Structure formats: structure tokens, C-alpha cells
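The values are calculated or read from the model by the stated rules, or taken from the named source; none is laboratory data. Note that the structure is predicted; figures quoted are calculated from it, not measured. Cβ placement follows ideal geometry from the backbone for every residue including glycine, while neighbour counts extend to all protein chains displayed. Remember, those area values only see protein heavy atoms, side chains included, never the ligands or the DNA or RNA. Shrake-Rupley method; radii C 1.70, N 1.55, O 1.52, S 1.80 Å.
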Amino acid sequence: MEDWIKYLIPKKLLGNKNKNIKIEKFNEIQHKDIIPQIYADAFCDKAWESDWYKIDLFNPDSCFVAKYNEEYAGFIISFIKENSAYISVIAVIKKYQKCGIGISLINRVINYFKNKDLKIYLDVEAKNKPAINWYNKCEFIQITK
């Protein structure tokens, strides 16, 4: 099994003023086919199966998709389990990384869960150094090594 690192996400909003980014709540008709494509581009991996959104714990209300200049550019999937919120996946296509999309998606999840009195966590593979560097830059709190 791979080594994973757990982070706690502070409930403060992160700075981002990019007006080219729009965040949409997941809509099965509009987004179910685009999310696997974004994932494939972001992680240089094969796209998810077409029924990916039928997985356990998936909540369409806590899944968000980002557009950059009207082009789909990223997504975030989060859920609640055992009185905590978790970010399952955050992905931004390569050509739009470092444009503020990840921050915008994280902020949307913080806003979604802010009135639910839940801590928000995410796990990352220890070998994913770019993500770890970004989480540290965002001042996420490392819980485990």
C-alpha cells in the first residue's frame, strides 16, 4: 500500500482574485462526462469509467466544477464521513494549473461546509510532491506523515 499524508484544511478562505474562474455545482447532465477527461489530463492517467459518480459517499451537492474563460478546467469532489468532511479528489488540467483554479475550488468546499461544524481533510500520496508543496504553501496543516 502506498504511503499517504493527511492534511487538515483551515476554514479560512484562501486569496484568489482571478475573475476568469467560475465555479459550478455538479450537474449530472453537464458534468458527468467532462470530469473523467479533466482527471485524465491532470494526472496523465486514463479517464474514469462513465459511471464514476455512482460511487459510495458521492454527493453531487459537494462536487464542483471550474471553468476558466468558459472552458472546463478543474473539479473537486468532497463528502462527509464520520462527522468530518473529506476532499476526495481535486484536479486541474495542466494548461490551467497555477491560475488560481485549485484555490477557487478549495474555497468553494470551505464555503459549502462552513455552517456544518465539520473539519475538512484531504489525503495525498507521499510521492505526489507537487501537491504536497502546494498544500504546504496554502498553509494546510499536516496531520500525518
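Taking the highest mean first, how do the peptides 54-63, 88-97, 119-128 order by number of other beta carbon atoms within 10 angstrom per residue?
Working: 54-63: 13.8, 88-97: 18.1, 119-128: 16.0.
Highest to lowest by the protection proxy: 88-97, 119-128, 54-63.
Taking the Cα centre of each part, how many Å lie between the range 69-119 and the range 1-36?
Centre-to-centre (Cα) distance: 2 Å.
Could you check how much of the accessible area of the range 4-75 is carbon and sulfur, as a whole percent, using a 1.4 Å probe?
On the way: 2130 of 4290 Å².
Answer for the range 4-75 is 50 percent, counting heavy atoms of protein chains only.
Rank by packing, highest mean first: peptides 19-30, 34-45, with packing defined as the count of other Cβ atoms within 10 Å averaged across residues. It would help to have the intermediate numbers written out before the result.
Details: 19-30: 13.3, 34-45: 16.0.
Peptide ranking by packing, descending: 34-45, 19-30.
If I model the range 53-101 as equal point scatterers sitting on the Cα atoms and use the Debye formula, what is log10 I(q)/I(0) at q = 0.15 Å⁻¹?
Log10 of I(q)/I(0), two decimals: -0.45.
What share of all Cα pairs of the chain, in percent, falls into each consecutive 5 Å distance bin?
Percent of Cα pairs in each bin: 2, 9, 20, 24, 23, 16, 6, 1, 0.
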